[in-house]
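Q: Have a look at this one.
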Amino acid sequence: MENIGLVLPGGGMRGVYTSGVIDFFIEKNLRFPYTIGVSAGACNGSAYISSQHGFGKIFYTKYLNDKRYLNLRNLFRHDKPVLGMDFIFDEMPNKLELFDFDSFNKAPEKLIITATNCINGESVYIDRHNCDDLLKAIRASCSLPFVSPIVEYSDMQLLDGGLSDPIPIKKSQNDGNSKNIVVLTSDHESSKKPRYIKRLAKKFYPDNNTLIQTIDNCYDIYNDSLKYVNEQQKDGKAFVITPSQSIKLNTLDKNHKNINNLYSLGYQDASNSYNQMINYIKN
């Protein structure tokens, strides 16, 4: 299976949809040679490479009510993060829900982790084969502005990859993949910019005009990326798996029922589209 890329965007808690898709792929032993992930997509991509079925769902559901994981009360405090990044990217994978580093390291498939450079606003693509700290790289990719601290990685200051390249299909294509499987966690509708996003960015990052502008532009970048994916799908250069039903779930949502339903929908949508996807890959 050459020149096939798997593109996994983020979406916060909506990333559980991708977890369902990934678990179906693992059951089918469907191994793509190249995966590129953003934020939640990078988390799911790592579980896919290590072939840990159910790993993503556990991360989204088991500790949802644990304040060390997600504490929405901290939205009103600047001294404590909303997301417990130390808990998520240290205690959970290293102590509570062990990530299979052995299987991950032995797997030959490529994984690219996408983050955003806070100094110049450009995308940073971290190849897991050239990465000395996998969890920190994924943490950087997942660090949402306003609710997570900036991550220092390899002499860079990094935040959420979705700010600069939310659906990195062009990177996959530039790396030689003529066909791409793209998993979207929402439908094909455009994203609307919050009314006061630039003012909020100035409040949080008053000394970084580049980052302020990057945050202000990210919604336009997402809409352009989505438009490009739709065009690639029409031209037969992308196969898109996207929710077949509307299940409301926000970026930091804690609705257990909807999270579980969205996971099941991802699994079912992957199953329903499997034969069509295989035909797309072969032809």
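Q: Condition test on V147, is it open to solvent by less than 60 Å² (accessible area, probe 1.4 Å), hydrophobic (A, V, I, L, M, F, W, C) and under 26 Å from D235 (Cβ atoms)?
A: The answer is no for V147.
Q: So P243 fits all but one of (1) modelled with pLDDT of 95 or more; (2) surrounded by fewer than 16 Cβ atoms within 10 Å (Cβ to Cβ); (3) assigned to a loop (DSSP other than H, G, I, E, B); what number is the exception?
A: Single failed check for P243: (2).
Q: Just checking, which of N105, N29 is of a type in the set (S, T, N, Q), farther than 21 Å from N260 by Cα and not in a helix (DSSP H, G or I)?
A: Matching residue, one of N105, N29: N29.
Q: Follow-up question, since we're still on this one. Looking at G56, G41, can you tell me which residue is closer than 23 Å to Q276 by Cβ and not in a strand (DSSP E or B)?
A: Result of the check over G56, G41: G41.
Q: Out of (1) at pLDDT below 95; (2) open to solvent by 20 Å² or more (accessible area, probe 1.4 Å), the odd one out for L135 is which?
A: The one condition L135 does not meet is (1).
Q: Checking V7 against (1) buried (at least 24 other Cβ atoms within 10 Å of the Cβ); (2) part of a helix (DSSP H, G or I), which single condition isn't satisfied?
A: With (1) buried (at least 24 other Cβ atoms within 10 Å of the Cβ); (2) part of a helix (DSSP H, G or I) applied to V7, the lone miss is (2).
Q: Quick one: is D102 at pLDDT below 95, farther than 25 Å from G162 by Cα and not aliphatic (A, V, I, L, M)?
A: no
Q: Another question, if that's okay. Determine the pairs where a residue that is over 17 Å from N44 (Cα atoms) and among the charged types (D, E, K, R), located within region 254-283, has a partner that is open to solvent by 20 Å² or more (accessible area, probe 1.4 Å) and in a helix (DSSP H, G or I) with Cβ atoms under 9 Å apart, the partner being 6 or more residues away or on another chain.
A: Correct list of pairs: K254/L72.
Q: Would you confirm whether or not region 69-90 contains a residue that is out of contact with any strand residue (DSSP E or B) (no Cβ under 9 Å at 6 or more places or on another chain), basic (K, R), at pLDDT 95 or above and surrounded by fewer than 20 Cβ atoms within 10 Å (Cβ to Cβ)?
A: Scanning region 69-90, I find no residue that is out of contact with any strand residue (DSSP E or B) (no Cβ under 9 Å at 6 or more places or on another chain), basic (K, R), at pLDDT 95 or above and surrounded by fewer than 20 Cβ atoms within 10 Å (Cβ to Cβ), so the answer is no.
Q: Assuming S273 fulfils every condition listed in (1) hydroxyl-bearing (S, T, Y); (2) open to solvent by 50 Å² or more (accessible area, probe 1.4 Å); (3) farther than 26 Å from T116 by Cβ apart from one, which condition is it?
A: (2)
The values are calculated or read from the model by the stated rules, or taken from the named source; none is laboratory data. Just so you know, these numbers come straight off a predicted model, no measurement behind them. In this analysis, Cβ positions are derived from the backbone assuming ideal geometry, glycine residues included, and neighbour counts consider all displayed protein chains. Surface areas here come from the heavy atoms of the whole protein model, side chains and all, with no ligands, DNA or RNA. Shrake-Rupley method; radii C 1.70, N 1.55, O 1.52, S 1.80 Å.
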